[in-house]
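What follows is a single structure, written as structure tokens, with notes after it.
The values are calculated or read from the model by the stated rules, or taken from the named source; none is laboratory data. None of the values given here were measured: they were computed from a predicted structure. A quick note on method: Cβ atoms are made from the backbone with ideal geometry, for glycine too, and the neighbour counts reach across all protein chains shown. The area values use the complete protein model at the heavy-atom level, side chains included, leaving out ligands, DNA and RNA. Shrake-Rupley method; radii C 1.70, N 1.55, O 1.52, S 1.80 Å.
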Amino acid sequence: MKRTVSLIEGDGIGPEIAEATVRAVEAAGGELAWERVDAGAAAVDRHKDPLPAVTIESIKNNRLALKGPLATPSGGGYRSVNVTLRQHFDLYANVRPVRTIAGVPSRYTGVDLVIVRENTEDLYAGVEHYVDPRRTAAESIAIITKFGSERVIVYAFEYARRHGRKKVTLVHKANILKMSNGLFLDCGKEIAQRYPDIAFEDMIVDATAMKLVIAPERFDVIVTMNLFGDILSDLTAGLVGGLGVAPAANIGAVEDAAGVAMFEAVHGTAPDIAGKGIANPTGLMLSAAMLLDHVEQRAAAERLRKGIYAALGDAATRTGDLGGKANTAQYTDAVIRAMA
Ligand code: NAD
């Protein structure tokens, strides 16, 4: 039976890469039905609301969403729809697989790791204030809870098991932040005992940053808090050629059928090339492959990845951002041809 997915095409290059992704998923044999809904600037045009109720309702019912990039106005205007969606559906785990892809220029080979970032707490909980009326000092408070820590760490171990991964590295700064980061670390040590089949280590964040650039291949699954996860996930994307080919999942509940999972490319709307038909849809396609894995359509996910890696491996079929000459449609055709 087909699973229905709320599809937010997004702004800028969003509709172009969404069309390419839908075509590639169908060619891979993905059993998905698409429910197209608006968000971002497109929704302001059509519904006078960047996140219409009908979009929220669709995601709530389907529990699955694939999302293109959304324009967020700087300064004034409306609040980031990405942040609102994350909060509304309590999407607490941000999952970013990072892998060396032949044909994508990068400084490293053999990188194959996954960052699982806690997405709702820490310094991003929004607890900030100026200490004095003249605003010469300010405080931002990191909130770390046992509940928030446990659910993301359990998710990381379950992910490792499901995907045949061997090790979880918990990243922290508990030597200095003994209470907040110490709590996260203690939760990790306790949960690790329930997973004797998965190796566990903990590592201070600064040492992790150094080891990631010296020997990224030593890492497998990394689980960490919100701020460190934000920084390390872009750092690791840079190890394999940048954000253009990076997929992501935002997960709303562990092993709970009611939880929402939202999959998205991590790049922006690329307004400079929007409408030209030359955007690289790889990030969204790889996000769709994660979605197929998530709904246990593993064969289709593998076929899709096989097509993507083959098309990226050939200079003739790569898009312009990766030094190739193909446009979005030609690249997508190559992805589909290579699945056979
Ligand atoms: P951007 O990622 O849109 O663009 C940066 C550069 O990368 C541009 O030169 C662009 O052409 C190129 N690029 C990005 N994706 C590409 C692709 N798939 N194929 C080819 N080239 C690609 O970042 P930005 O310019 O800082 O942001 C533009 C808008 O996107 C802003 O409104 C920002 O708020 C929004 N944004 C949204 C998300 C999201 O929805 N997840 C993420 C980042 C930025």
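Worth a mention:
- Segments classed as helices (runs of 4 or more DSSP H), wholly inside segment 195-295, with at least 1 members that are in contact with a strand residue (DSSP E or B) (Cβ under 6 Å, 6 or more places away or on another chain) and within 16 Å of the ligand (Cβ to nearest atom): 226-239, 282-294
- Among the residues making up segment 39-92, those that are within 16 Å of the ligand (Cβ to nearest atom) and aromatic (Phe, Trp, Tyr) are Tyr78, Phe89.
- Contacts under 7 angstrom Cβ, first residue in segment 166-180 being in contact (Cβ under 8 Å) with a residue 24 or more places away in the chain, partner in a loop (DSSP other than H, G, I, E, B), 6 or more apart: Lys166/Ile198; Lys166/Asp220; Lys167/Ile198; Lys167/Asp220; Val168/Ile198; Thr169/Phe219; Ser180/Ala142; Ser180/Ile144
Conditions tested, residue by residue: (1) open to solvent by less than 10 Å² (accessible area, probe 1.4 Å); (2) of a type outside the set (Lys, Arg).
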| position | (1), (2) |
| --- | --- |
| Lys211 | no, no |
| Pro216 | yes, yes |
| Met225 | yes, yes |
| Asp234 | no, yes |
| Gly241 | no, yes |
| Ala248 | yes, yes |
| His267 | no, yes |
| Ala270 | no, yes |
| Leu284 | yes, yes |
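- Pairs with Cβ under 9 Å, 6+ apart, first in segment 87-108 and closer than 30 Å to Ala311 by Cβ, second surrounded by fewer than 19 Cβ atoms within 10 Å (Cβ to Cβ) and among the aromatic types (Phe, Trp, Tyr): Thr100/Tyr108; Ile101/Tyr309; Ala102/Tyr309; Gly103/Tyr309
- Filter result for Tyr155 (touching a residue at least 60 places away in the same chain (Cβ under 8 Å) and open to solvent by less than 20 Å² (accessible area, probe 1.4 Å)): yes
- Residue check for Gly148: touching a His at 6+ places or on another chain (Cβ under 9 Å) and either surrounded by 18 or more Cβ atoms within 10 Å (Cβ to Cβ) or on the phi < 0 side of the Ramachandran plot (or both): no
- The number of residues in segment 53-101 being of a type in the set (A, V, I, L, M) and within 23 Å of Tyr155 (Cβ to Cβ) comes to 10.
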